[in-house]
Amino acid sequence: MLFLLSNKCRMKMVRFFITLIITIAIVIALDVKIGPIPPLGKFLDPASGFWANAESGIALPKNFEIPGLSGKVKILYDDMLVPHIFADHEDDLFVAIGYVHACHRLWQMEFQTHAAAGRLSEIVGELTLDMDRWQRRKGMTFGAKNFIENMDVRSRQLNELYALGVNAYISRLSYKTYPFEYKLLDYRPEKWTSDKSGLLYKFMADMLNSSERDFENTNFKSIYGKELLDLIYPDVENYKDAVVDQPNGWKFDPIVKHNKQKNINGPVSLNLQPKPSPSNGSNNWAIAPTKSATGNALLCNDMHLKLYMPSLWFYNQLNCGDINVFGHSLPGVPFVITGFTDSIAWGMTNAQRDLVDWYKIEFKDETRSSYLLNGEYVPTKKVVEEIKIRSQETFYDTVVYTEFGPVSYDPTYRGESQKAGYARRWIDHDPSDAFKMFYGINRAKGFDDYMEALNYFTSPAQNVVFASSKGDIAHRVQGKYPLNDYEEGKFLKDGTSSSNNWTQYIPNAHNPFWKNPERGFVSSANQHPADSTYPYYVTSTKYETYRNRRINDVLRSDDSVTIDDLKNLHFDNYSLKAEESLPLMLECMKGAALSAPEMNILEKLARWDRFYNKGSDAAVYYEIWYSRLYDGIWDEIRTSLENDIALRYPTDYSTIKLMKEHPELDFFDDKLTDSTETVRDLILRAFKEMIGEVEMLRGRGDISWATYKDTYIGHQLRIGALGDHNILTGGNRGAVVNATGANHGPSQRIIVELDPKGIKAWGHYPGGQSGNPGSKYYDHMVEAWATGHYYELLFLTGPDPSNPRIIFSQTLTSTR
């Protein structure tokens, strides 16, 4: 007992127990996750914590066993960490690519599929609950399930083989070898299932062809009238340089729509979810041998998306039997999405079609157990979504399904009425077999193979460019498109009649397409798919009107196109938008009372060459001036959005056309003043606002376009230290061929020369092959992407480890 000990001994014992308690407390604290902070004991452990993720080279075993392989698989890594996978058996090839993807991008694969499925709250807690509910409510898992269940037998087999490879890697992981983000967030990877590949594919489709413009058009028409709607949001702003431009060249009889549809009048007050970026898009083009300096067909592609780390894309080569393909794969999907074989190349841009319709549903009562359809109340289907939330109770959300699809907005989620809901009809809810298309095109040898493969591709709608070593070039606007009469699909639809659902589709053979046009090139940049003589009604949220014209102008002017010409076109910073708006803005400034510094800036703008080069200060002046002008014109739109009345901002092309042709338009009048403003008044006011902002910028240092734009590539967890910042590069979001904005732009660039003696290719993307922030291959291509340096892409004909660019060799074998 303590009272029998001496004072000195008692003090020692007390100190011992205090120290013991503190030590136990520290040990417990270091082993417990506190809020967003991982258990520091594990995380900081020098043997197995985040330190273990540092890589000086390639941290892979030379030999790896996977149960079920039929033979050996050889994987050769080149100096860019690109895996070249050679298998004797095709099944083994798809197991191997699953294993390889998991080796380098497992966390990214799983995080993105959790996001698609509405499961992020399991990882990060209540912060993402609203996002998870939205993913469930718009039918992501519903669409993925239909996708997986309706695959053909071979596509399903390949998807399952891919999962086998992913799980072979996962099964050997320990905490020490977990990817960094698992340690940071303190969770472990789960088994990969084949439905996750379907979820990832739907995640991409949702990014590219999701829309809520039906609400926006309905509201604008209700508030401002049909005449203004047609003026400000025309279906087609400019037919010039359509994807397929062959007036009166359509050699088919269009089918006729049988049923007429009924729309709903608004306005509708809903707090809508944020939309995908309006800058999502791409460029692609192919050059015929007659316009090529080498006499070989050439193909280019760059896809514009939000910039993330780890990068969206992953380079790999797949080789087995009839398959010899190189290109951009999507980690989580077992195929090359865009790239080239030993005979053909293909690339994609988003076709921008309207593939989402919204229906107003009239429920019988607050239970939402039945809804009015064809004059009677019919039962709904209720799906209870179980959303697990880390460290909290599970959240249950009941999603109601109708004939048209899931009711995304209702009284329980951002709705406006107890007896009304809004159902989402999305083309990607339908069964499709896109994986069969990728399987076919990954083994294509010529034009006929390309055409046959595309027959299986329904969504997301794409402009698919083609070139071959035989000298053919082609373009096909491929997808599954509802057949609509004039203006059908533009407005909120009446959900009380099944006749308002999609009942017919444009025949696949009637999709715009051409091969070897006389002009010697094909191209697309998200513009209108066809010229004005195309016999079907086509509409979208917006079609590009600048990049397409600039690309075609450049290609038309060059009859001896070189690889360097194509690199320069990828990095072309010229702005047609500035060319078509700045003269008017300068004209309206005549007679304005300006100070000497203001006059100096105005004169600089008059001399500006309209290039968004990284060192340009005039580009900064114009961008701020135009942005303030645009904001001043469309302030009513902003106010409506702030009051949950969904409207969309007009395009730049429409805005500039209105300034020129309708300078007295009521939107140019500032309703907060007593006077009546015209476009000239707004231009002058915006100029003064620009001057004030420029003075603030001068106080922070020199003005240049690159520093003002401040391009960065953020990590998917939005942790600054894991991204790349202050990337100095030219270009501008949207209207410039080099559509590089602050955090959006070319997610890859590739140039392919279809030489019959051997395919050559060059490319880069904004990141690196590794998903590990501790690897030198995590962001090793960022500088090349920013400065215009292209890597020559190694395309092997066989598993030759003696090639000087091969730095590591790995062999996969079956478990003994």
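Of a type outside the set (Asp, Glu), surrounded by fewer than 22 Cβ atoms within 10 Å (Cβ to Cβ) and free of Cβ contacts under 8 Å to residues at least 24 places away in the same chain: which single residue out of SER343, SER370, SER391 fits that description?
Details: SER343 fails: free of Cβ contacts under 8 Å to residues at least 24 places away in the same chain; SER391 fails: free of Cβ contacts under 8 Å to residues at least 24 places away in the same chain.
Of SER343, SER370, SER391, the one residue that is of a type outside the set (Asp, Glu), surrounded by fewer than 22 Cβ atoms within 10 Å (Cβ to Cβ) and free of Cβ contacts under 8 Å to residues at least 24 places away in the same chain is SER370.
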When region 124-142 is checked residue by residue, the ones that are in contact with a Leu (Cβ under 9 Å, 6 or more places away or on another chain) and either of a type in the set (Asp, Glu) or open to solvent by less than 10 Å² (accessible area, probe 1.4 Å) (or both) are ASP132, MET140
Quick check on GLU385: is it touching a helix residue (DSSP H, G or I) at 6+ places or on another chain (Cβ under 9 Å) and surrounded by fewer than 16 Cβ atoms within 10 Å (Cβ to Cβ)? no
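Every residue in region 482-495 that is of a type in the set (Asp, Glu) and either in a loop (DSSP other than H, G, I, E, B) or surrounded by 19 or more Cβ atoms within 10 Å (Cβ to Cβ) (or both), please. Steps first, please.
Quick first cut of region 482-495, residues of a type in the set (Asp, Glu) only: 485, 487-488, 494.
Residues satisfying the conditions are ASP485, GLU487, GLU488.
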Unique residue being in a loop (DSSP other than H, G, I, E, B) and not aliphatic (A, V, I, L, M) when the list is ASP214, ASP230, ASP241, ASP206: ASP241
Please go through region 195-205 and pick out each residue that is touching a helix residue (DSSP H, G or I) at 6+ places or on another chain (Cβ under 7 Å) and open to solvent by less than 30 Å² (accessible area, probe 1.4 Å). LYS196, SER197, GLY198, LEU199, LEU200, TYR201, LYS202, ALA205
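Restricting to region 553-595, and then to whatever is among the basic types (Lys, Arg) and in contact (Cβ under 8 Å) with a residue 40 or more places away in the chain, can you tell me which residue is nearest to ASN732 (Cα to Cα)? Even if it seems obvious, please write down each step before you answer.
Quick first cut of region 553-595, residues among the basic types (Lys, Arg) only: 556, 567, 577, 590.
Okay, now just the ones that are also in contact (Cβ under 8 Å) with a residue 40 or more places away in the chain, so 567, 577.
On the way: LYS567: 17, LYS577: 11 Å.
Out of the qualifying residues, it is LYS577.
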Please state which of the following conditions ASN248 fails to meet, knowing it meets all the rest: (1) touching a residue at least 40 places away in the same chain (Cβ under 8 Å); (2) at negative phi; (3) assigned to a loop (DSSP other than H, G, I, E, B); (4) out of contact with any strand residue (DSSP E or B) (no Cβ under 6 Å at 6 or more places or on another chain). (2)
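Of ASP92, ASP79, which residue is touching a strand residue (DSSP E or B) at 6+ places or on another chain (Cβ under 6 Å), within 30 Å of ALA761 (Cα to Cα) and surrounded by fewer than 18 Cβ atoms within 10 Å (Cβ to Cβ)?
Values: ASP92 fails: surrounded by fewer than 18 Cβ atoms within 10 Å (Cβ to Cβ).
After applying the criteria, what remains is ASP79.
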Kindly establish whether ALA721 is among the hydrophobic types (A, V, I, L, M, F, W, C), modelled with pLDDT under 95 and within 30 Å of TYR621 (Cβ to Cβ). no
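Please go through region 774-802 and pick out each residue that is in a loop (DSSP other than H, G, I, E, B), within 16 Å of ASP302 (Cα to Cα) and open to solvent by 20 Å² or more (accessible area, probe 1.4 Å). Can you show your working first?
Of all residues in region 774-802, those in a loop (DSSP other than H, G, I, E, B) come to 774, 776-781, 788-790, 793-802.
Filter once more, so that each one left must be within 16 Å of ASP302 (Cα to Cα): 781, 788-790, 793.
Matches in region 774-802: GLY788, HIS789.
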Got a number for residues in region 458-478 being under 12 Å from ASP755 (Cα atoms) and hydroxyl-bearing (Ser, Thr, Tyr)? 2
For GLU598, indicate whether it is part of a helix (DSSP H, G or I), touching a residue at least 12 places away in the same chain (Cβ under 8 Å) and not assigned by TED's automatic domain parsing to the domain that holds THR673. no
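Pick from GLY446, GLY471, GLY495, GLY479: which is closer than 25 Å to LEU272 by Cα, in contact with a strand residue (DSSP E or B) (Cβ under 9 Å, 6 or more places away or on another chain) and not polar (S, T, N, Q)? Give the steps one after another, and end with the answer.
Numbers: GLY446 fails: closer than 25 Å to LEU272 by Cα; GLY471 fails: closer than 25 Å to LEU272 by Cα; GLY479 fails: closer than 25 Å to LEU272 by Cα.
Exactly one of GLY446, GLY471, GLY495, GLY479 is closer than 25 Å to LEU272 by Cα, in contact with a strand residue (DSSP E or B) (Cβ under 9 Å, 6 or more places away or on another chain) and not polar (S, T, N, Q), namely GLY495.
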Take the residues in region 694-724 that are under 19 Å from ALA784 (Cα atoms) and of a type in the set (Ser, Thr, Tyr), then tell me which one is least open to solvent (accessible area, probe 1.4 Å). THR711
When residues of region 669-683 are filtered for being open to solvent by less than 30 Å² (accessible area, probe 1.4 Å) and β-branched (Val, Ile, Thr), how many remain? 2
Just one of (1) of a type in the set (Ser, Thr, Tyr); (2) open to solvent by less than 10 Å² (accessible area, probe 1.4 Å); (3) under 25 Å from the mean Cα position of the chain (by Cα) trips up THR458, so point out which. (2)
Within region 726-747, considering residues that are under 14 Å from the mean Cα position of the chain (by Cα) and at positive phi, the one least open to solvent (accessible area, probe 1.4 Å): GLY745
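So for region 99-120 (the condition being polar (S, T, N, Q), buried (at least 16 other Cβ atoms within 10 Å of the Cβ), outside any strand (DSSP E or B) and at pLDDT below 95), does at least one residue qualify? Working first, answer last.
Residues of region 99-120 that are polar (S, T, N, Q), as a first pass: 108, 112-113.
Remaining after also requiring buried (at least 16 other Cβ atoms within 10 Å of the Cβ): 108, 112-113.
Filter once more, so that each one left must be outside any strand (DSSP E or B): 108, 112-113.
Of the ones still in play, those that are also at pLDDT below 95 are none.
Scanning region 99-120 turns up no residue that is polar (S, T, N, Q), buried (at least 16 other Cβ atoms within 10 Å of the Cβ), outside any strand (DSSP E or B) and at pLDDT below 95.
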Hits in region 496-528 - residues which are open to solvent by less than 10 Å² (accessible area, probe 1.4 Å) and in contact with an Asp or Glu (Cβ under 7 Å, 6 or more places away or on another chain): ASN500, ALA525, ASN526, GLN527
How many residues of region 442-481 are outside any loop (DSSP other than H, G, I, E, B) and either modelled with pLDDT under 95 or aromatic (Phe, Trp, Tyr) (or both)? The answer is 3
Please enumerate the residues belonging to region 652-668 that are buried (at least 17 other Cβ atoms within 10 Å of the Cβ) and more than 16 Å from PRO234 (Cα to Cα). PHE667, PHE668
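Return the only residue of LYS614, LYS604 being assigned to a loop (DSSP other than H, G, I, E, B) and either surrounded by 13 or more Cβ atoms within 10 Å (Cβ to Cβ) or at pLDDT below 95 (or both). Explain how you work it out, then say what you get.
Details: LYS604 fails: assigned to a loop (DSSP other than H, G, I, E, B).
Every option except LYS614 fails the conditions.
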Of the residues that make up region 416-426, is at least one part of a loop (DSSP other than H, G, I, E, B) and open to solvent by less than 20 Å² (accessible area, probe 1.4 Å)? no
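The values are calculated or read from the model by the stated rules, or taken from the named source; none is laboratory data. These figures come from a predicted structure and were not determined experimentally. Cβ coordinates were reconstructed from backbone atoms using ideal geometry, including for glycine residues, and neighbour counts include every protein chain displayed. Remember, those area values only see protein heavy atoms, side chains included, never the ligands or the DNA or RNA. Shrake-Rupley method; radii C 1.70, N 1.55, O 1.52, S 1.80 Å.
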